[in-house]
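Comments concern the structure below.
The values are calculated or read from the model by the stated rules, or taken from the named source; none is laboratory data. Given the structure is predicted, the values throughout are model-derived calculations rather than measurements. A quick note on method: Cβ atoms are made from the backbone with ideal geometry, for glycine too, and the neighbour counts reach across all protein chains shown. When the accessible area is computed, the model is the full protein with side chains, heavy atoms only, and any ligands, DNA or RNA have been set aside. Shrake-Rupley method; radii C 1.70, N 1.55, O 1.52, S 1.80 Å.
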Amino acid sequence: MKYALVSDIHANLEAFTACLKVIEDERCDKIVCLGDIVGYGANPRECIKMVREYGMATIAGNHDFACIGKTNINYFNSYAKESTLWTRKVTTEEDKEFLNSLPLVDYHDDFTVVHGTLYSPELFDYIQTTYDAYLSLQLLENQVCFLGHSHVPITFFQGEMISYTLHPEITLEDGVRALVNIGSIGQPRDDNPRASFAIYDTEARKIKVHRVEYDVETAAEKIRKAGLPEPLAERLKYGR
Ligand code: ZN
């Protein structure tokens, strides 16, 4: 099976469409979405629609739950808060019902997906250190877990010790478990403005993180036109 894994779309229709084109060209069998379909960007409804039309197996991110009041947005920064309030206004009851139906963790063939961490998926913590990675790897019941949330692609391995790599191509070796952060489609934050997603070929046991150019200007202009905070438009240019 060839799986495409997408995460942190953040209502960026231009980035999402560009990635879906690559996913179609690569002839993936199934698309799995790791959450944060909405928030920050100007096309939440359109992005929800595409996730549903493509039949993506989807889990919840903190911004999806924020949109329906399941995440406390008092902890959000002011831009995230403002965009959440805007997203609540423009999404329909049906959109919200869909977001409300999303689970926090899901299991496929031989991999697991979660938005933040396996040890407290409902808290949406970040995995930033090898110790954070260790805590989730301890709970991993199969060989690989894909996640998003930080918007920075990175892979942690557990062999005898925990190690990590920023390399975009990973081969799963016997006896080694992996935690793969696939980065963000709609708001990359690793100083690389190109949209990020992954393809996992289960037979070859290879994972590749793809980076895709898209029409950043249009996405940024839509954010401005919607009256969302200017920095949310500006940061797309720099991937920050
Ligand atoms: Zn996110």
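Find the residue count for the stretch 41-66, including only residues that are of a type in the set (G, A, S) and more than 14 Å from L99 (Cβ to Cβ).
4
Is there any pair with a first residue in the stretch 33-47 that is of a type in the set (F, W, Y) and a second that is more than 10 Å from the ligand (Cβ to nearest atom) whose Cβ atoms are under 7 Å apart and which are 6 or more apart or on different chains, and what are they?
Within 7 Å, the pairs are Y40/A11; Y40/S83; Y40/L232.
Going through the stretch 113-123 one residue at a time, which ones are open to solvent by 20 Å² or more (accessible area, probe 1.4 Å) and either assigned to a loop (DSSP other than H, G, I, E, B) or more than 16 Å from the ligand (Cβ to nearest atom) (or both)?
Matches in the stretch 113-123: L118, Y119.
When the stretch 1-43 is examined, which residues are found to be within 13 Å of the ligand (Cβ to nearest atom) and out of contact with any Phe, Trp or Tyr (no Cβ under 8 Å at 6 or more places or on another chain)?
Keep residues of the stretch 1-43 that are within 13 Å of the ligand (Cβ to nearest atom), which gives 6-12, 15, 33-41.
Result: D8, C33, G35, D36, I37, V38, G39, G41.
Can you pull out the residues in the stretch 45-97 that are within 12 Å of the ligand (Cβ to nearest atom) and among the acidic types (D, E)?
Within the stretch 45-97, just D64 meets the criteria.
Sort out which residues of the stretch 218-240 are open to solvent by less than 50 Å² (accessible area, probe 1.4 Å), touching a helix residue (DSSP H, G or I) at 6+ places or on another chain (Cβ under 7 Å) and under 15 Å from A15 (Cβ atoms), and write them in order of number.
Across the stretch 218-240, the qualifying residues are A219, A220, I223, L232, A233, L236.
Among the residues of the stretch 145-178 satisfying the criterion of being within 16 Å of the ligand (Cβ to nearest atom) and part of a loop (DSSP other than H, G, I, E, B), which is nearest to V32 (Cα to Cα)?
Per the stated criteria, the residue is G148.
Would you point out which residue out of K208, K237, K222 is away from the ligand (no atom under 16 Å from the Cβ), part of a strand (DSSP E or B) and in contact (Cβ under 8 Å) with a residue 40 or more places away in the chain?
K208
Filter the stretch 126-144 down to residues that are part of a loop (DSSP other than H, G, I, E, B) and of a type outside the set (S, T, Y) and give me whichever is most open to solvent (accessible area, probe 1.4 Å).
The qualifying residue most open to solvent (accessible area, probe 1.4 Å) is E141.
If you go through the stretch 166-176 one residue at a time, do you hit one that is under 24 Å from A18 (Cβ atoms) and open to solvent by less than 10 Å² (accessible area, probe 1.4 Å)?
Yes.
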